[in-house]
Amino acid sequence: MKKQRILVIDDDQTITTLLEGILEWAGFEVCLAGNAAEANKYIWDGVKPALIILDVMMPFLSGEKVAEIYKSNEATRDIPILYASAKSEGELQALVELTGACGYLQKPFGASRVVAAVRKILG
């Protein structure tokens, strides 16, 4: 059975490494990007992910803006987005509703919460 691919977009290498380890342990294929430009290389080169885990607070282009761009593009609008952020639950819930993301992980998070959230979205 083919592994589902998850694209993690976060400018914090500690977080991307942590998520990579958790998700690979749970049986997923993981692609890492430090910003939207790196992420676009995966998406537009035909490596369409089953899910995007997206940091909200990134330099240059915020996660909110990245989500808006992906959700407005026909080729990427159906890819579920899961935010990962240290923002408050209220802020994250508002952001989910505003951008059409499917949920959020509030930092700091543990492995079981990450895997549960991803499996809930991907089935």
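The values are calculated or read from the model by the stated rules, or taken from the named source; none is laboratory data. These figures come from a predicted structure and were not determined experimentally. Here the Cβ positions follow ideal geometry from the backbone for every residue, glycine too, while neighbour counts run over all protein chains shown.
In the set (1) at pLDDT 95 or above; (2) in contact with a Cys (Cβ under 8 Å, 6 or more places away or on another chain); (3) surrounded by fewer than 16 Cβ atoms within 10 Å (Cβ to Cβ); (4) aliphatic (A, V, I, L, M), L82 fails one condition alone, (3). Counting only residues that are surrounded by 17 or more Cβ atoms within 10 Å (Cβ to Cβ) and in contact (Cβ under 8 Å) with a residue 40 or more places away in the chain, the stretch 34-52 holds 4 of them. Against the criterion of being over 16 Å from A39 (Cβ atoms), in contact with a strand residue (DSSP E or B) (Cβ under 7 Å, 6 or more places away or on another chain) and touching a residue at least 24 places away in the same chain (Cβ under 8 Å), L95 qualifies. Within the set A101, A84, A75, A37, the sole residue that is closer than 20 Å to Q13 by Cα, among the small types (G, A, S) and not in a helix (DSSP H, G or I) turns out to be A84. In the stretch 1-45, what residues are over 22 Å from L61 (Cβ atoms) and at pLDDT below 95? Residues satisfying the conditions are M1, K2, K3.
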